[in-house]
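Note sheet for the following structure.
Rule-based calculations on the coordinates, nothing more; no lab input. Given the structure is predicted, the values throughout are model-derived calculations rather than measurements. Quick reminder, even Gly has a Cβ in these numbers, built from the backbone with ideal geometry, and neighbours come from all protein chains shown.
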Amino acid sequence: MTQDELLKKREQVLLKLMEDPMYQPMRLQDIAVFLDVPKSKRKDLESALDALVREGRIRVSKNGKYGKSESQEKEGVFAANAKGFGFVRIPGEENDVFIPRDKTRGALQGDTVRILIPRGQQLERREGRVLEIVARGVSRLVGYYRRENRSGVVLPDNTRFAADVVIPAGASLGAQTGEKVLVEITAYPKERGEDLEGRVLERLGKASAVGVDLTSIVRSFEIPDTFSEECLAEAVRAERQGTEELSGEVPGRRDLRALCTVTIDGEDSKDLDDAISLTELENGNVQLGVHIADVSEYVKEGGPLDREALNRGTSVYLPDRVIPMLPVELSNGICSLNEGEDRFALSCLMEFTAEGELVHSEICESVIRSDCRLTYTTVNQIITNHEPELCEHYAEFVPMLERMDVLARQLRALRSERGYIDFDFPESKVILSPSGKPIEIRAYERNEATRLIEDFMLAANETVAKTYCLKHLPFVYRVHEAPTPEKLQLLKTFVMNFGLNLKLKNGEVTPREIQKLLLRVEGTEAEDLVSRMALRTMTQASYSVDCIGHFGLASRYYTHFTSPIRRYPDLQIHRIIKEDLRRGLSEKRKEHYRAILSGVSDRASQTERRAQECERDAVKYKKCEYMEGHINEIYEGIISGVTRYGIYVELKNTVDGMIRVSELRDDHYQYNEEKAELVGEFTKKRYRLGEPLRVRVTGADRLIRTVDFLPEPPLPSADED
């Protein structure tokens with residue numbers, strides 16, 4: 001046993017002694033007698049006690065008695081800052097613990113650490129020190145390779161990693177200076193400031209080469225972007241099998257090829273996994289058909305494709321590429337509902353009254369044929385602007401599209417009545433040149449065509465969820481819990497500044513109350529501000545085997561049924577539905593699904609968050625790259641966040657950046673958390689969440705994903721002119 005291990009063992013014995021409820025503070029000699037430590041070893045005992053005192057884990061009184069410390073020990077995940085300090089997030093606690101630069105003990109981003117927190121601190125401003133690194137959080141990272149003599153050094157892309165990675169001779173795979181590489185860490189530093197050691201696993205290419213920037217981001221999130229030969233072979237076999245089956249009779253499936261059916265997607269979409277139809281019934285009602293590609297027909301449970309799809313969890317959409325959950329032979333081929341081609345589907349057929357009330361539904365295995373591939377732009381021009389040329393070109397589909405528009409608006413109104421919350425913040429669209437450079441950033445606005453598809457997919461998801469929840473079969477649901485009482489109280493306090501009230505009952509709120517709040521501020525100056533605060537109050541949606549409802553949609557029953565090409569939970573429930581339709585689930589199969597679905601739900605939630613973080617990081621990178629070419633230009637924006645450190649501003653093109661408080665030289669600003677504002681001590685100038693602000697771009701940094709602004713005076717009004 002090494003000296004360090006021996007010291008650690010002695011410390012554990014002493015801590016166990018002092019944590020005993022019967023223990024009373026004792027002097028060194030009393031502890032030695034109690035533990036039967038001979039005089040020759042008392043110096044070692046004293047060293048162990050001194051080490052524990054230095055760490056704050058025990059205390060010593062003026063008269064030399066050692067006792068239990070008043071500090072708390074907690075375990076959590078370390079989040080590093082590029083400046084050397086960090087924060088520890090403790091499970092079940094809302095407030096992080098600040099760790100100063102000299103008390104991190106060499107902890108790195110993502111490490112699980114045990115920390116010591118002195119008692120008597122304010123909950124939201126606690127400070128601690130790292131006692132021990134329990135588990136390392138990252139074993140691989142991406143960075144810039146620089147050759148040094150026979151060895152090399154990798155500078156991590158993630159600036160939160162304060163240490164470089166030394167690559168010994170023979171471990172570089174021949175990487176050259178200027179390349180991006182994926183490395184595996186083989187040795188971690190024992191103290192802050194020491195380097196990591198690792199080996200190169202993959203050379204990604206020259207840092208300046210097209211696409212290497214986003215490939216580096218993909219690798220940093222450990223998202224697989226290639227398929228094994230085994231998976232590709234299965235995909236080819238499945239495509240061949242599907243083509244043969246569709247060329248003949250299709251027993252056991254409802255033949256819906258006679259229905260007028262269309263797909264409506266973006267112009268550049270290739271994986272068309274949903275189609276819709278609308279049929280007028282003799283009783284005056286309409287039947288809406290939502291037809292979803294039957295991916296489960298080709299991806300068999302437990303096979304190579306299924307295992308890979310579960311591992312990926314979802315497709316990932318980046319500015320320059322899509323990383324599919326399934327190989328393109330399936331996602332863009334036999335599982336894509338291409339125009340004029342027969343395809344297997346799962347169809348949700350829903351009958352609605354003239355007022356939009358659902359009166360009957362049926363789910364069936366089907367074979368369909370899309371009659372036309374439409375785009376959001378085309379359909380919006382037809383149903384909103386009644387564009388003559390398009391209406392003439394698509395004359396056979398116009399009556400159905402117009403009746404679909406009526407139904408979609410009815411469904412939207414009914415959801416609104418029950419309290420559906422619609423946060424309509426624009427998403428980003430990044431336009432790249434052939435060389436991968438961002439040439440335009442703009443808001444991706446929703447229109448009536450995108451809303452129509454959203455309305456119909458929501459209807460199908462709710463119908464399927466209700467059907468299987470009432471059957472009490474094992475299933476995967478999309479769930480969204482209500483906001484926490486703490487966050488609701490903050491929102492209530494905040495909106496009181498505008499003379500508004502949020503009704504809480506026992507610390508809880510209904511979706512209807514949130515919706516009423518948003519309707520009250522619609523069209524006012526406070527709309528953006530209150531909407532953003534309400535959005536921050538919401539919890540994150542996830543997957544679960546329990547049908548607990550979806551708060552944001554104000555829906556008692558909700559699942560994800562409509563995208564099995566790109567989401568694993570949809571694929572999983574398709575299997576359950578088909579088994580139930582064909583022969584019903586035996587007790588053995590029910591037990592099988594009960595055993596696996598909890599793990600499927602957890603994995604799907606994890607991979608969804610990973611994909612979202614990767615997508616956001618890639619878009620942020622390209623936004624920063626774009627803004628590098630627009631330094632000193634002036635933009636109109638909205639204050640999207642206010643903290644004690646600075647003001648976040650979102651431009652109309654969706655780029656967001658920060659004005660640091662330290663750069664506001666005109667006054668000394670105080671932060672008011674309740675009102676989410678910074679107020680000048682002398683000028684009384686206010687920077688408030690949701691208010692418009694003109695800014696000048698002063699800097700952009702792709703590496704740390706930041707854009708810096710400074711405020712500009714508002715333009716003079718017409719009266720002032």
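At a glance:
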read-out: One residue from R705, R696, R665, R660 being under 29 Å from R160 (Cα atoms), in contact with a helix residue (DSSP H, G or I) (Cβ under 7 Å, 6 or more places away or on another chain) and surrounded by fewer than 18 Cβ atoms within 10 Å (Cβ to Cβ); value: R705
read-out: Any hit, the stretch 256-263, residues being more than 30 Å from E608 (Cα to Cα) and either free of Cβ contacts under 8 Å to residues at least 24 places away in the same chain or outside any loop (DSSP other than H, G, I, E, B) (or both); value: yes
read-out: The stretch 33-45, residues that are surrounded by 13 or more Cβ atoms within 10 Å (Cβ to Cβ) and farther than 16 Å from K9 by Cβ; value: R42
read-out: The one condition in (1) out of contact with any Asp or Glu (no Cβ under 6 Å at 6 or more places or on another chain); (2) over 16 Å from L14 (Cα atoms); (3) not in a loop (DSSP other than H, G, I, E, B) that N63 fails to fulfil; value: (3)
read-out: Candidates E184, E148, filtered to the one that is without any contact (Cβ under 8 Å) to a residue 40 or more places away in the chain and among the acidic types (D, E); value: E148
read-out: Residue in the stretch 507-524 that is surrounded by the fewest Cβ atoms within 10 Å (Cβ to Cβ), counting only those that are touching a residue at least 12 places away in the same chain (Cβ under 8 Å) and more than 25 Å from Y558 (Cβ to Cβ); value: R520
read-out: Members of the stretch 508-542 that are within 30 Å of E608 (Cα to Cα) and assigned to a loop (DSSP other than H, G, I, E, B); value: V509, T510, M538, T539, Q540, A541
read-out: Residue identified as loosely packed, with under 14 Cβ neighbours inside 10 Å and among the charged types (D, E, K, R) among K437, K487; value: K437
read-out: Any strands (runs of 3 or more DSSP E) falling wholly within the stretch 633-695 and containing at least 3 residues that are farther than 30 Å from Y444 by Cβ and not acidic (D, E); value: 669-672, 677-680
read-out: Cβ pairs under 8 Å, 6+ apart, first in the stretch 463-482 and closer than 14 Å to E362 by Cβ, second among the aromatic types (F, W, Y) and part of a loop (DSSP other than H, G, I, E, B); value: V464/F561; K466/Y557; Y468/F475
read-out: Evaluation of K39 against (1) out of contact with any strand residue (DSSP E or B) (no Cβ under 8 Å at 6 or more places or on another chain); (2) touching a residue at least 60 places away in the same chain (Cβ under 8 Å); (3) not hydrophobic (A, V, I, L, M, F, W, C) (one fails), failing number; value: (2)
read-out: Tabulated pairs, the stretch 643-658, first in contact (Cβ under 8 Å) with a residue 40 or more places away in the chain and on the phi > 0 side of the Ramachandran plot, second of a type in the set (S, T, N, Q) and surrounded by 18 or more Cβ atoms within 10 Å (Cβ to Cβ), C-beta under 7 angstrom, 6+ apart or interchain; value: T654/S428
read-out: Subset of the stretch 537-582 (residues that are charged (D, E, K, R), more than 19 Å from the chain's Cα centre (by Cα) and either surrounded by 24 or more Cβ atoms within 10 Å (Cβ to Cβ) or within 22 Å of I334 (Cβ to Cβ) (or both)); value: R575, K578, E579, R582
